[in-house]
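Below: one structure, written as C-alpha cells.
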Amino acid sequence: MTGPDRSFDAQVRDGDAYQAGQSQTVDNSHTVHHHDSGHGRFVLGAVAVLSVSGLVFGLYQVTRHEERPAPPAPGPAVTAQASSAAPLAPVAPGTKPEQIVLQRSGLGAMQVIDLDRPSGRSERITDDEWRLRDAKDQKSFDLVTSNASWAEFEVPAGGGRTAGVLKPGEPVTRESCLRAARSGSLERLRISNQYRSELDRTGLQPGGAVCVLTDRHQLVQAVVTDREFDNDDPSTAGRLTVEVTVLGPVID
C-alpha cells in the first residue's frame, strides 16, 4: 500500500531505508573523494621526483662539463720538409774585432797566432814549450815567429792555408780579401827598419790589410791600424798593430 493510510511502522522502515541509502551515498562519495585525493598526491609526487631527477641530472652534466679537461691545443703540422734534417748553418763571423800587436819576442821566446779562434788568438810561449807541442798543434797556427830578433813572422804552408795583402786604398770586401788570400803572395813579413821599404812595397802599413784563408777554411782579415819603430837604427825591430775580423767560412 502506497497511500497515506500506510502504517507508521512502514513509514519508519522506509525512512530508515532512505537514511541508509543517504548514508551509503555519503560513504561512497567520501570514499571516492579519498581515492581521488590519493591519486593526486601520487601524480604530484611523481612529477616532483621527475623534476628533482631532471635537476640533478642537469647539474651532473654541467659539473662533468666543467671538470672535463680542455682538449690539448693542436700542435704544428709535421711536414716531410720539417722532419728532414736541416743543413748546418755556417759559423757566423765574429762581431767584435780583436787587436793584436806583432813584435819581436825576447830571447828564447816566440809569438804564435791562431786566427781560427774566436778570441785570444795570439800567444807568447817559450821555445821549449813550442817544441813540446805535437806536430798537429803546431800546424794549427796561421802566423808564427821565425826570427825573434828581427820580429820576423812566417805563414806556415800546408793545410790549404794561404795569405795575401790588400794595399791601402784598395777596397776591403769579402771578395777582394778572398782574392788576395788565394794569391798566396804573403809568406813572410819582417817588422824592422832594415825591411821598412819592403813593408811599404807590400802594403803592410796603416790602411793595408792582411787576408788569410786558414787551414779550417775561414777567411780572416787583419787591417793594419798602426806601425811604429823606436828609432831609425836599421837593426831596430818595430811593431805592427792589426785589427782581426773573421769574414766567415769559405766553401769551395
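The values are calculated or read from the model by the stated rules, or taken from the named source; none is laboratory data. All figures in this text were calculated on a predicted structure; none of them were measured in a lab. Neighbour counts are summed over all protein chains in view; Cβ atoms, including those assigned to glycine, are modelled from backbone coordinates with ideal geometry. These area figures cover heavy atoms from the full protein model, side chains too; ligands, DNA and RNA do not enter into them. Shrake-Rupley method; radii C 1.70, N 1.55, O 1.52, S 1.80 Å.
Below are the figures for this structure:
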item: Val223 surrounded by fewer than 21 Cβ atoms within 10 Å (Cβ to Cβ) and under 20 Å from Asp116 (Cα atoms); result: yes
item: Answer from Val172, Val165 - the residue that is under 21 Å from Phe141 (Cβ atoms), among the aliphatic types (A, V, I, L, M) and touching a residue at least 12 places away in the same chain (Cβ under 8 Å); result: Val165
item: Qualifying positions in the stretch 235-252 - among the hydrophobic types (A, V, I, L, M, F, W, C), out of contact with any Gly (no Cβ under 6 Å at 6 or more places or on another chain) and not in a loop (DSSP other than H, G, I, E, B); result: Ala237, Leu240, Val242, Val244, Leu247
item: Sole exception among (1) out of contact with any strand residue (DSSP E or B) (no Cβ under 6 Å at 6 or more places or on another chain); (2) open to solvent by 70 Å² or more (accessible area, probe 1.4 Å) for Asp215, by number; result: (2)
item: Evaluation of Asp215 against (1) closer than 16 Å to Ile100 by Cβ; (2) charged (D, E, K, R); (3) in contact (Cβ under 8 Å) with a residue 40 or more places away in the chain (one fails), failing number; result: (1)
item: Filter pass, Ala151 being within 26 Å of Asn193 (Cβ to Cβ) and either touching a residue at least 12 places away in the same chain (Cβ under 8 Å) or within 39 Å of the chain's Cα centre (by Cα) (or both); result: yes
item: Some residue of the stretch 131-138 being within 38 Å of the chain's Cα centre (by Cα), farther than 18 Å from Val244 by Cβ, loosely packed, with under 13 Cβ neighbours inside 10 Å and of a type in the set (Lys, Arg); result: yes
item: Val172 open to solvent by less than 40 Å² (accessible area, probe 1.4 Å) and of a type in the set (Val, Ile, Thr); result: no
item: Residues being of a type outside the set (D, E, K, R), open to solvent by 20 Å² or more (accessible area, probe 1.4 Å) and closer than 29 Å to Gly159 by Cα - total across the stretch 192-209; result: 4
